[in-house]
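The values are calculated or read from the model by the stated rules, or taken from the named source; none is laboratory data. For clarity, every value in this text was computed on a predicted model and none was experimentally measured. Note: ideal-geometry Cβ built from the backbone for every residue, glycine included; neighbour counts use all protein chains shown.
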Amino acid sequence: MKHVIVGAGPAGVVASGILRKLRAEDEILLIGGEPEPPYSRMAIPYYLIGNVKEEGTYLKTDADHYKKHRIDYLQAQVTKIDPKKKELHLESGKTAGYDKLLLATGAFPIRPPVPGIEDPDITGCWTLADARLIAKRCKKGTKVLQMGAGFIGCIIMEAIAATGVELTIVEMGDRMVPRMMNETCGNLIKRWCEKKGITVHTSTQVTKIEKRKDKKPRYLIHTKDGQQLEADLIIASTGVAPALDYLKGSGVETDGGILINEHMETSVADIYAAGDCAKGRDFSTGGYEVQAIQPTATEHGRIAAQNMAGVQTPHPGSLNMNVLDTVGLISSSFGQWMGVEGGDHAELLDEENFRYLRLEFKDDVLVGAQALGLTQHVGVLRGLIQTETHLGPWKEKLKSDPTQLMSAYLAKAQAQTLP
Amino acid sequence: MQKSLNIDPNKCTGCLQCEMACAYELEGSFNPAHSRIKIFHFEEQGRFVPYTCTQCAEAWCLHACPVDAIKMDATTGAKVVDEATCVGCKVCTIACPFGTVNYNQSSGKVIKCDLCGGDPACAKACPTEAITYVDANWTGLDKMREWAAKTDTGTTTAAAKPSAPAGH
């Protein structure tokens, strides 16, 4: 039996390990698209700021990991899949056969259709290659314009600001991280960044980029609200989308992501999908969507591998959750952080100290949460949501004082374990 | 037989000796803020509850880590953060449904209980035997794990046993 995994991010690498554990004799081929050994995009900001060397971003610390576990590693671009012949076409012209195939091709950065954005010197911050380029170009006093203040935009901000550049952010949404935090919290993060000397423009967007040959800074950027901004370097962190191009003609059905069932199977027999490219089951809604987060990618990878190995494992759904460090201010959000219809909430706001905690309930069950400035025991939010613990009288206590979170957790979720 | 921390809140007086011992052992200061074990006070009932990592078999923290920084100590069964490898991304802090991995802003790394390499300072410091270090099958851990299993997404190693031999 030959298992082929396309994509060497967390989903693919986790899957390769599980497959080896469960299928000692099978052949495993892991195909990665980038020149470096499999690494974590999550670690890029910490490489950029100089906390770790490039090796520190690798998914496996042991350089011989793949060899030791008899996982063949190939750096190649897959251009086409032929399910009839059970074959992959590679850019080199070669082909590779499979018995079971896992698509874990992740996502790629997308840019808005703005005149001038096709300039090759405009960089994203998605790969190690991007990070190297940014590290090289960010010098003290360099004027940097960053498009987008989503998760990636925010998480790389500290590293970029630390180089001493003059940083300006342009975000389309009315706040920072609009897909993770509500208005109150997103605006608190914005105020925090401004306090740190970063200029943030929200509710506007870049409409045109002019590259000037004879003048410095070399870029003149026009915004929707009529501003003209100057920059030496433009970084685009304007979102990512699942990588699907190579699936044309394969019969693998997609709709903004690869469609999979609860066993991580695509519409084509013996082809599975996992991670940022897949529309997996969401714990909160039961629906299928692209979550594009690290914990979900690893869950997908494990479950897909178990199913590929013949261990029937349904996926009950992954909880959408994020933790973010924006120039030292830590935020997290979980599940239905935006609340649910007919639901109820508890809220604590301390603007001066940049603290915020918001809990969303459905009946007496926690279904979502947002936290700002919380670093202790933050995981209990996941625990309470995913175990659907009935809070009983603790819900009212939390509504009057959300800081009682840990007590509520110990009293309700852990009560059964206490003598 | 692996041992684990057994916690009996009924015996806890809230003296915080465990927190100080933990902070001193691992951070070199008697500052309870750096402790990996925490005492929670239920004022209405006059009750204290010590709380720390159960070293659960599921090890969400270990599986969620993007850089392989959390490893299992083969002797103690503890899930241990390798400080040099941890980049401080905090994914483990949201992945652990017990909330027992915390981010330490001053070091830029995460911290969790490592059972002090098999000789936990908290248990030694506890004057009332509210915290003891005993054979693992003695403790309330199974119940805790049962609870934790509800968070499971079919990804435990226990579930990962082939149900039928898949053919070659």
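With respect to A:Lys84, is the statement that it is within 14 Å of chain B (Cβ to nearest Cβ) and either more than 25 Å from A:Ile155 (Cα to Cα) or among the charged types (D, E, K, R) (or both) true? Judged against the criteria, A:Lys84 is not a match.
Say whether the condition of being within 30 Å of A:Val165 (Cα to Cα), under 20 Å from the mean Cα position of the chain (by Cα) and among the hydroxyl-bearing types (Ser, Thr, Tyr) is met by at least one residue in the stretch A:315-325. No, there is no match, as no residue in the stretch A:315-325 is within 30 Å of A:Val165 (Cα to Cα), under 20 Å from the mean Cα position of the chain (by Cα) and among the hydroxyl-bearing types (Ser, Thr, Tyr).
Please specify each residue of the stretch B:69-82 satisfying the condition of being at pLDDT below 95 and out of contact with any helix residue (DSSP H, G or I) (no Cβ under 8 Å at 6 or more places or on another chain). B:Ala74, the sole residue that qualifies.
The single condition among (1) more than 11 Å from chain B (Cβ to nearest Cβ); (2) crowded, with 20+ Cβ neighbours inside 10 Å that A:Asn307 does not meet is (1).
Modelled with pLDDT under 95, at the interface with chain A (Cβ under 10 Å from one of its Cβ atoms) and surrounded by 19 or more Cβ atoms within 10 Å (Cβ to Cβ): does that describe B:Thr54? Yes. Each residue in the stretch A:254-270 was checked for being without any contact (Cβ under 8 Å) to a residue 60 or more places away in the chain, hydrophobic (A, V, I, L, M, F, W, C) and farther than 13 Å from A:Ala104 by Cα, and 0 pass. From the list A:Ile5, A:Ile44, A:Ile49, the one residue that fits, being of a type in the set (Val, Ile, Thr) and over 28 Å from A:Val327 (Cα atoms), is A:Ile5. Look at the stretch B:12-28: where a residue is outside any loop (DSSP other than H, G, I, E, B) and a partner is surrounded by fewer than 18 Cβ atoms within 10 Å (Cβ to Cβ) and aromatic (Phe, Trp, Tyr), sitting 6+ places away or on another chain with Cβ atoms under 6 Å, you get B:Met20/B:Phe30; B:Tyr24/B:Phe30.
Of all residues assigned to the stretch A:38-53, at least one qualifies as being closer than 20 Å to B:Val91 by Cα, within 14 Å of chain B (Cβ to nearest Cβ) and among the charged types (D, E, K, R).
Within the stretch B:83-97, identify whether any single residue is within 22 Å of B:Val134 (Cα to Cα) and either within 11 Å of chain A (Cβ to nearest Cβ) or touching a helix residue (DSSP H, G or I) at 6+ places or on another chain (Cβ under 6 Å) (or both), and answer yes or no. Checked the stretch B:83-97: no residue is within 22 Å of B:Val134 (Cα to Cα) and either within 11 Å of chain A (Cβ to nearest Cβ) or touching a helix residue (DSSP H, G or I) at 6+ places or on another chain (Cβ under 6 Å) (or both). Just to be sure, is B:Lys90 in contact with a Cys (Cβ under 8 Å, 6 or more places away or on another chain) and of a type in the set (Lys, Arg)? So B:Lys90 fails the test.
The condition of being surrounded by fewer than 17 Cβ atoms within 10 Å (Cβ to Cβ) and within 12 Å of another protein chain (Cβ to nearest Cβ) holds for B:Lys11.
Screening A:Leu220 on (1) in contact with an Asp or Glu (Cβ under 8 Å, 6 or more places away or on another chain); (2) under 30 Å from A:Leu372 (Cα atoms); (3) of a type in the set (A, V, I, L, M) shows it passes everything except condition (2).
For A:Gly379, indicate whether it is under 27 Å from the mean Cα position of the chain (by Cα), within 30 Å of A:Ala161 (Cα to Cα) and surrounded by fewer than 16 Cβ atoms within 10 Å (Cβ to Cβ).
no
Among the residues of the stretch B:117-137, is there at least one that is modelled with pLDDT of 95 or more and among the basic types (Lys, Arg)? Within the stretch B:117-137 (the criterion being modelled with pLDDT of 95 or more and among the basic types (Lys, Arg)), the answer is yes, since at least one residue qualifies. Would you check which residues across the stretch A:54-81 are more than 14 Å from chain B (Cβ to nearest Cβ) and either in contact with a Ser or Thr (Cβ under 6 Å, 6 or more places away or on another chain) or over 15 Å from A:Ala104 (Cα atoms) (or both) and list them? Residues satisfying the conditions are A:Lys67, A:Arg70, A:Ile71, A:Asp72, A:Ile81. Anything in the stretch A:313-365 that is buried (at least 20 other Cβ atoms within 10 Å of the Cβ), facing chain B (nearest Cβ under 8 Å) and outside any loop (DSSP other than H, G, I, E, B)? List them, or say none. Matches in the stretch A:313-365: A:Ser318, A:Met321, A:Asn322, A:Val323, A:Asp325, A:Ser332, A:Phe334.
Name the residue, out of A:Ala231, A:Ala243, that is surrounded by 15 or more Cβ atoms within 10 Å (Cβ to Cβ) and at pLDDT below 95.
Numbers: A:Ala231 fails: at pLDDT below 95.
Exactly one of A:Ala231, A:Ala243 is surrounded by 15 or more Cβ atoms within 10 Å (Cβ to Cβ) and at pLDDT below 95, namely A:Ala243.
Restricting attention to the stretch B:58-74, does a residue exist that is acidic (Asp, Glu), over 30 Å from A:Ile155 (Cβ atoms) and crowded, with 21+ Cβ neighbours inside 10 Å?
So far as the stretch B:58-74 goes, no, none of its residues is acidic (Asp, Glu), over 30 Å from A:Ile155 (Cβ atoms) and crowded, with 21+ Cβ neighbours inside 10 Å.
Only one of these is within 11 Å of another protein chain (Cβ to nearest Cβ) and small (Gly, Ala, Ser): A:Gly392, A:Gly368, A:Gly383. Name it. After ruling out the rest, the residue left standing is A:Gly383. Summed over the stretch B:76-99, residues that are assigned to a loop (DSSP other than H, G, I, E, B) and not aromatic (Phe, Trp, Tyr) total 15. Annotation: B:His63 fulfils all but one of (1) farther than 23 Å from A:Gln294 by Cβ; (2) touching a residue at least 12 places away in the same chain (Cβ under 8 Å); (3) in a helix (DSSP H, G or I); (4) within 13 Å of another protein chain (Cβ to nearest Cβ); the unmet one is (1). Put simply, of A:Ala96, A:Ala131 the only residue that is of a type in the set (A, V, I, L, M) and farther than 19 Å from A:Ile155 by Cβ is A:Ala96. For the stretch B:100-129, a residue qualifies if it is part of a helix (DSSP H, G or I) and either under 21 Å from B:His63 (Cβ atoms) or at the interface with another protein chain (Cβ under 10 Å from one of its Cβ atoms) (or both), and exactly one does: B:Leu115.
So that you can scan it fast, the table gives a plain yes or no per residue for (1) in contact with a Phe, Trp or Tyr (Cβ under 6 Å, 6 or more places away or on another chain); (2) within 22 Å of A:Asn307 (Cβ to Cβ); (3) at pLDDT below 95:
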site: A:Asp72; (1), (2), (3): no, yes, no
site: A:Val78; (1), (2), (3): yes, yes, no
site: A:Thr95; (1), (2), (3): no, no, no
site: A:Asp121; (1), (2), (3): no, no, yes
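Checking the structure you have, find out if any residue of the stretch A:266-279 is more than 30 Å from A:Lys85 (Cα to Cα) and either assigned to a helix (DSSP H, G or I) or out of contact with any Phe, Trp or Tyr (no Cβ under 9 Å at 6 or more places or on another chain) (or both). So far as the stretch A:266-279 goes, no, none of its residues is more than 30 Å from A:Lys85 (Cα to Cα) and either assigned to a helix (DSSP H, G or I) or out of contact with any Phe, Trp or Tyr (no Cβ under 9 Å at 6 or more places or on another chain) (or both).
Restricting attention to the stretch A:78-95, the residues being free of Cβ contacts under 8 Å to residues at least 60 places away in the same chain and surrounded by 14 or more Cβ atoms within 10 Å (Cβ to Cβ) number 3.
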